[in-house]
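Written below as structure tokens is the structure these notes are about.
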Amino acid sequence: YAQRHADHGTPVDVLSALLAHENLTSTQHYYHVPEKRKRMATALVSPMTLNNEGDVVGGDDVLDAVLARREIGRIPVPLGWCTEKSNVAAHGSSCPYRYQCLGCSHFRTDPSHLEDLQNHLQRLLAADEELDAKLPGLADWAKDDALPSQGEIKAVRELVRANKRLLSELPAQDRAAVEEAIATMRKLRAQADMNIPDADALKVKIVSPTINPAVETID
């Protein structure tokens, strides 16, 4: 039961709670992946890397040194990773573009994030439908700000299609190997998810007008 959850990518803190473990050390046993298996998984999936527009930007050179440099030059973000230099140098806490990852040319993803992309798309569509029905009194500009961005929905949908297309074009034997590699990568990421910066918490906040503004005393 525990191993199936770990292999599927259940976050380690969630699995720890399910197993009633007193500390994460016991749970992390199920997430152990040998370095060789990690390199093999990365090598298989790396050529299928996509940018934010769904174009393949991965390479075929999978030497260990190349993979190591690639890991150094990127930082995990929701649904993929970021390659913007200043954000990578700041360990993900200094995005100059306010964490608009899906619209950023520095964003990368691959089929190992397909399930997350599909789940995110479903959340966006559900929120769009629910909020649209509840906001008949809002002006168009206010509704646009409240509703999920149609541009984001379109971008996520295109990335889902692009990832599915890459997988469907593989011969059956190669696809089985890639799917096994994806399971390995999701298993590894389940341990790292807790360290990914909360994009919403790091965004630049727009200060709203106060309900009771202070009255300035004029002498």
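The values are calculated or read from the model by the stated rules, or taken from the named source; none is laboratory data. In this text the structure is predicted, and so the values were computed from the model without any measurement. Note: ideal-geometry Cβ built from the backbone for every residue, glycine included; neighbour counts use all protein chains shown. Please note that ligands, DNA and RNA were not included when accessible areas were found on the heavy atoms of the full protein model with its side chains. Shrake-Rupley method; radii C 1.70, N 1.55, O 1.52, S 1.80 Å.
In segment 3-18, how many residues are among the charged types (D, E, K, R) and outside any helix (DSSP H, G or I)? Break it down stepwise before answering.
Here is the first cut: in segment 3-18, the ones among the charged types (D, E, K, R) are 4, 7, 13.
So of that shortlist, the ones also outside any helix (DSSP H, G or I) come out as none.
Of the residues in that region, 0 qualify.
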Open item on the list: So Met194 ticks every box in (1) open to solvent by 60 Å² or more (accessible area, probe 1.4 Å); (2) at pLDDT 75 or above; (3) among the hydrophobic types (A, V, I, L, M, F, W, C); (4) not in a loop (DSSP other than H, G, I, E, B) but one. Which box is left unticked?
Closed with: (2)
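So is Ala155 touching a helix residue (DSSP H, G or I) at 6+ places or on another chain (Cβ under 7 Å) and closer than 30 Å to Val45 by Cβ or not? Show your work before the answer.
Working: touching a helix residue (DSSP H, G or I) at 6+ places or on another chain (Cβ under 7 Å): yes; closer than 30 Å to Val45 by Cβ: yes.
Taking the combined requirement at face value, the residue satisfies it.
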TODO: Could you give me the residue pairs with C-beta distances under 9 Å whose first residue belongs to segment 102-117 and is within 15 Å of Leu44 (Cα to Cα), whose second residue is open to solvent by 50 Å² or more (accessible area, probe 1.4 Å) and at pLDDT 95 or above wherever it lies, and which are 6+ apart or on separate chains?
DONE: Pro111/Lys164
Task: Cβ-Cβ under 9 Å pairs, at least 6 apart or on other chains, segment 1-24 side over 18 Å from Arg186 (Cβ atoms) and free of Cβ contacts under 8 Å to residues at least 24 places away in the same chain, far side open to solvent by 60 Å² or more (accessible area, probe 1.4 Å) and not in a helix (DSSP H, G or I) - done: Leu19/Tyr1
TODO: Could you name every one of the helices (runs of 4 or more DSSP H) located completely within segment 23-110 that has at least 3 residues being surrounded by fewer than 13 Cβ atoms within 10 Å (Cβ to Cβ) and modelled with pLDDT of 85 or more?
DONE: 85-89
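For every residue, the table says whether it meets (1) free of Cβ contacts under 8 Å to residues at least 12 places away in the same chain; (2) among the hydroxyl-bearing types (Ser, Thr, Tyr); (3) surrounded by 13 or more Cβ atoms within 10 Å (Cβ to Cβ); (4) in contact with a helix residue (DSSP H, G or I) (Cβ under 6 Å, 6 or more places away or on another chain).
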site	(1), (2), (3), (4)
Leu121	no, no, yes, yes
Glu129	yes, no, no, no
Ala133	yes, no, no, no
Ala142	yes, no, no, no
Leu147	no, no, yes, yes
Gly151	no, no, no, no
Val160	no, no, yes, yes
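Out of all the residues in segment 162-176, which are open to solvent by 40 Å² or more (accessible area, probe 1.4 Å) and under 24 Å from the mean Cα position of the chain (by Cα)?
Filtering segment 162-176 down to residues open to solvent by 40 Å² or more (accessible area, probe 1.4 Å) leaves 164-165, 168-176.
Residues satisfying the conditions are Lys164, Arg165, Ser168, Glu169, Leu170, Arg175, Ala176.
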Open item on the list: Please determine whether any residue of segment 136-150 is among the polar types (S, T, N, Q), in a loop (DSSP other than H, G, I, E, B) and closer than 28 Å to Pro11 by Cβ.
Closed with: yes
